[in-house]
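*Asks:* First, the structure itself, so that you have it in front of you.
The values are calculated or read from the model by the stated rules, or taken from the named source; none is laboratory data. Given the structure is predicted, the values throughout are model-derived calculations rather than measurements. Ideal geometry is used to build each Cβ from the backbone, glycine not excepted, and the neighbour counts take in all protein chains shown. For the accessible areas, the whole protein counts, side chains as well, though only heavy atoms, and no ligand, DNA or RNA atoms are used. Shrake-Rupley method; radii C 1.70, N 1.55, O 1.52, S 1.80 Å.
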Amino acid sequence: MKRVTVIGGGGTAIFMATYLTIKGHEVTVCDEEWHGDKLRAIQEANNEVDMIGNAGTGHATIHKITFDVTEALQDAEVVLVSAMAKRHDQLTSWIAPHLHEGQVVCFSAGNCASITLKKKLGDKNILVGEMQGNIAPCRLVDTTTVTCAFPYADKPVAAFPAKDNEAFVEALSPVLPCFAIKNVFQATLSSPNITIHLAGTLMNTSKIDTTIDFRLYEDGITPNVVKVIEAVEDEREAVMDCMGYARTRAVGQMYAILDFPKHPEMAQFRVLAGPTKGVHDRYVVEDAHAGDALLLSLARNFGIKTPVVESLINIASVLNDNEDFYAGGITLENLGLAGKSVDEINDYLENGSL
């Protein structure tokens, strides 16, 4: 049994807390007050949450829900952060002063937040890293019920700096079994959300505008949509090949959805809610800001053409009142790595210094 603190108040954070409580860990959940409506509702239900779906079923009484970050972190052995990428800068500033040596911090999904946190920790001996994508395709389906479409599978993770990979995996595995990949850029770029969310949502804007309770994987995956998703994956592969990262493709799941009668295992995945806020949903604003912006910045840095990714980010901007997702996004420029070579970038991700 480990003492785990989950930072976040959304569906994924609540799923994490429920899942790990059922697994026998002592779990505290904490978020900022302004983002605490879902957590307060669970407090009113005596911290009790049910889990359904393919990751298992069961009932959990979460050990503690608090909005006091000092209280939440003081006894934690493992800290899991689950929040939108746009919150990472604020959240890392919020938790950094209260983290102490000997802890391990993992972001789900990371989107390079481990780099941001590590800079704020100074010389504290704290293992920091992140998952490849999110912990699982999970949702809060009502006030006190979470679901997950697939069983938990060992997660690819990376520490920052990556020289800590072995220690990070050893510390995290008793809570979430995992294995190391090269570095946090590979973890960010390998997320299936990069290729599926932005393309899938933007190709369905008219349907989203005219459909009540639109669900991307049930209502929006067609052969032409998959064609665009695959084009994004091709552009991502070119960048990952340049960086020396193992290739990863998620489009196979989309083909399985197209041939649903042969893939009943996709049933719960197909009906997952989202995007729930149309073109202003995290499927657009988070991925344009995070993984897709990083992908585009690497492509530009190395002269790789990625016209589909660039077009999708530009369209996302138009649909969100011309917000410049690239200028404010997770890019080489904003990480202080613009103009660096592949070797220089990978060496920085490995060792933590330029």
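*Asks:* Mind listing whichever residues of the range 209-232 are buried (at least 22 other Cβ atoms within 10 Å of the Cβ) and either of a type in the set (Asp, Glu) or touching an Asp or Glu at 6+ places or on another chain (Cβ under 9 Å) (or both)?
*Replies:* Val232 - this is the single residue of the range 209-232 that is buried (at least 22 other Cβ atoms within 10 Å of the Cβ) and either of a type in the set (Asp, Glu) or touching an Asp or Glu at 6+ places or on another chain (Cβ under 9 Å) (or both).
*Asks:* Give the number of residues within the range 159-192 that are polar (S, T, N, Q) and surrounded by fewer than 21 Cβ atoms within 10 Å (Cβ to Cβ). Break it down stepwise before answering.
*Replies:* To start, the set of residues in the range 159-192 that are polar (S, T, N, Q) comprises 165, 173, 183, 186, 188, 190-191.
If we keep only those that are surrounded by fewer than 21 Cβ atoms within 10 Å (Cβ to Cβ) too, we end up with 173.
Qualifying residue count for the region: 1.
*Asks:* Look through Ala293, Ala231, Ala288, Ala267 and report the one residue that is free of Cβ contacts under 8 Å to residues at least 60 places away in the same chain, assigned to a helix (DSSP H, G or I) and under 14 Å from Leu198 (Cβ atoms). Quick ask: steps written out before the conclusion?
*Replies:* Values: Ala231 fails: free of Cβ contacts under 8 Å to residues at least 60 places away in the same chain; Ala288 fails: free of Cβ contacts under 8 Å to residues at least 60 places away in the same chain; Ala267 fails: under 14 Å from Leu198 (Cβ atoms).
Sole residue among the options that is free of Cβ contacts under 8 Å to residues at least 60 places away in the same chain, assigned to a helix (DSSP H, G or I) and under 14 Å from Leu198 (Cβ atoms): Ala293.
*Asks:* Still on this structure: Check whether at least one residue in the range 251-263 is at positive phi and either polar (S, T, N, Q) or in contact (Cβ under 8 Å) with a residue 24 or more places away in the chain (or both), and report yes or no.
*Replies:* Taking the range 251-263 as the starting set, the residues that turn out to be at positive phi are none.
Within the range 251-263, not a single residue is at positive phi and either polar (S, T, N, Q) or in contact (Cβ under 8 Å) with a residue 24 or more places away in the chain (or both).
*Asks:* Among (1) of a type in the set (S, T, N, Q); (2) out of contact with any helix residue (DSSP H, G or I) (no Cβ under 8 Å at 6 or more places or on another chain); (3) farther than 14 Å from Ile14 by Cβ, which single condition is Gln43 missing?
*Replies:* (3)
*Asks:* Ok, one more. What are the residue pairs meeting all of these: first residue in the range 196-210, first residue more than 13 Å from Gly274 (Cα to Cα), second residue of a type in the set (S, T, N, Q), Cβ atoms under 8 Å, and 6 or more apart or on different chains?
*Replies:* Met203/Asn224
*Asks:* Restricting the first residue to the range 305-326 and requiring it to be in contact (Cβ under 8 Å) with a residue 60 or more places away in the chain, which pairs with a second residue that is in a loop (DSSP other than H, G, I, E, B) meet a Cβ separation below 9 Å and a spacing of at least six or different chains?
*Replies:* Ile313/Phe325; Ile313/Tyr326; Ile313/Gly329; Ala316/Glu323; Ala316/Phe325
*Asks:* While we're on this one: Of everything in the range 326-354 that's of a type in the set (A, V, I, L, M, F, W, C) and either crowded, with 17+ Cβ neighbours inside 10 Å or modelled with pLDDT under 95 (or both), which residue is farthest from the chain's Cα centre (by Cα)? It would help to see each step written out before you state the result.
*Replies:* Going through the range 326-354, the residues of a type in the set (A, V, I, L, M, F, W, C) turn out to be 327, 330, 332, 335, 337-338, 342, 345, 349, 354.
Pick out the ones that are also either crowded, with 17+ Cβ neighbours inside 10 Å or modelled with pLDDT under 95 (or both) and you get 330, 332, 335, 337, 345, 349, 354.
Values: Ile330: 13, Leu332: 19, Leu335: 18, Leu337: 22, Ile345: 22, Leu349: 19, Leu354: 26 Å.
Per the stated criteria, the residue is Leu354.
*Asks:* Which of the residues that make up the range 1-37 are within 24 Å of Asp89 (Cβ to Cβ) and open to solvent by 10 Å² or more (accessible area, probe 1.4 Å)?
*Replies:* Gly10, Gly11, Thr12, Thr28, Glu32, Glu33, Trp34, His35, Asp37, listed by residue number.
*Asks:* Does the range 41-48 include one or more residues that are more than 24 Å from Gly129 (Cβ to Cβ), polar (S, T, N, Q), outside any strand (DSSP E or B) and open to solvent by 60 Å² or more (accessible area, probe 1.4 Å)?
*Replies:* Our first condition is that a residue be more than 24 Å from Gly129 (Cβ to Cβ); within the range 41-48, this holds for 41-48.
Now narrow it down to the ones that are polar (S, T, N, Q): 43, 46-47.
Filter again for outside any strand (DSSP E or B), leaving 43, 46-47.
Keeping just the survivors that are open to solvent by 60 Å² or more (accessible area, probe 1.4 Å) gives 43, 46.
Taking every residue of the range 41-48 in turn, at least one turns out to be more than 24 Å from Gly129 (Cβ to Cβ), polar (S, T, N, Q), outside any strand (DSSP E or B) and open to solvent by 60 Å² or more (accessible area, probe 1.4 Å).
*Asks:* Looking at Asn322, Asn314, can you tell me which residue is outside any helix (DSSP H, G or I) and open to solvent by 40 Å² or more (accessible area, probe 1.4 Å)?
*Replies:* Details: Asn314 fails: outside any helix (DSSP H, G or I).
From the options Asn322, Asn314, the qualifying one is Asn322.
*Asks:* Just to verify a result, which residue in the range 240-257, among those that are hydrophobic (A, V, I, L, M, F, W, C) and over 14 Å from Ser191 (Cα atoms), is most open to solvent (accessible area, probe 1.4 Å)? Write out each step before concluding.
*Replies:* Going residue by residue through the range 240-257, those that are hydrophobic (A, V, I, L, M, F, W, C) are 240, 242-243, 246, 250-251, 254, 256-257.
Going one step further and asking which of them are over 14 Å from Ser191 (Cα atoms), we end up with 242-243, 254, 256-257.
On the way: Cys242: 50, Met243: 4, Met254: 0, Ala256: 10, Ile257: 8 Å².
So the residue we want is Cys242.
*Asks:* Pick from the range 51-61 the residues that are open to solvent by 60 Å² or more (accessible area, probe 1.4 Å) and either among the basic types (Lys, Arg) or part of a strand (DSSP E or B) (or both): which of them is nearest to Asn134 (Cα to Cα)? Talk me through it step by step, then tell me what you get.
*Replies:* First, pick out the residues of the range 51-61 that are open to solvent by 60 Å² or more (accessible area, probe 1.4 Å): 52, 54, 57, 59, 61.
Okay, now just the ones that are also either among the basic types (Lys, Arg) or part of a strand (DSSP E or B) (or both), so 52, 59, 61.
On the way: Ile52: 18, His59: 22, Thr61: 23 Å.
The extreme case among them is Ile52.
*Asks:* Can I ask one more? For Thr248, only one of the following conditions fails: (1) over 30 Å from Asn183 (Cβ atoms); (2) β-branched (Val, Ile, Thr); (3) in contact (Cβ under 8 Å) with a residue 12 or more places away in the chain; (4) assigned to a loop (DSSP other than H, G, I, E, B). What is its number?
*Replies:* With (1) over 30 Å from Asn183 (Cβ atoms); (2) β-branched (Val, Ile, Thr); (3) in contact (Cβ under 8 Å) with a residue 12 or more places away in the chain; (4) assigned to a loop (DSSP other than H, G, I, E, B) applied to Thr248, the lone miss is (1).
*Asks:* Here is a list: Thr66, Thr28, Thr18. Which entry is in contact (Cβ under 8 Å) with a residue 60 or more places away in the chain and polar (S, T, N, Q)? First the steps, then the outcome.
*Replies:* On the way: Thr66 fails: in contact (Cβ under 8 Å) with a residue 60 or more places away in the chain; Thr28 fails: in contact (Cβ under 8 Å) with a residue 60 or more places away in the chain.
From the options Thr66, Thr28, Thr18, the qualifying one is Thr18.
*Asks:* Would you tally the residues in the range 63-120 being open to solvent by 10 Å² or more (accessible area, probe 1.4 Å) and part of a strand (DSSP E or B)?
*Replies:* Number of matching residues: 3.
*Asks:* For the range 142-158, which positions are within 23 Å of His263 (Cα to Cα) and open to solvent by 30 Å² or more (accessible area, probe 1.4 Å)?
*Replies:* Residues satisfying the conditions are Phe150, Pro151, Tyr152, Ala153, Asp154.
*Asks:* Would you check if Ile7 is in contact with a strand residue (DSSP E or B) (Cβ under 9 Å, 6 or more places away or on another chain), farther than 18 Å from Leu99 by Cβ and modelled with pLDDT of 95 or more? Reasoning before the result, please.
*Replies:* Details: in contact with a strand residue (DSSP E or B) (Cβ under 9 Å, 6 or more places away or on another chain): yes; farther than 18 Å from Leu99 by Cβ: no; modelled with pLDDT of 95 or more: yes.
So Ile7 fails the test.
*Asks:* Can you find even one residue in the range 258-268 that is open to solvent by less than 50 Å² (accessible area, probe 1.4 Å), at pLDDT 95 or above and of a type outside the set (Ser, Thr, Tyr)?
*Replies:* Pass one, the range 258-268, residues open to solvent by less than 50 Å² (accessible area, probe 1.4 Å): 266-267.
Still in the running and at pLDDT 95 or above: none.
No, that holds for no residue.
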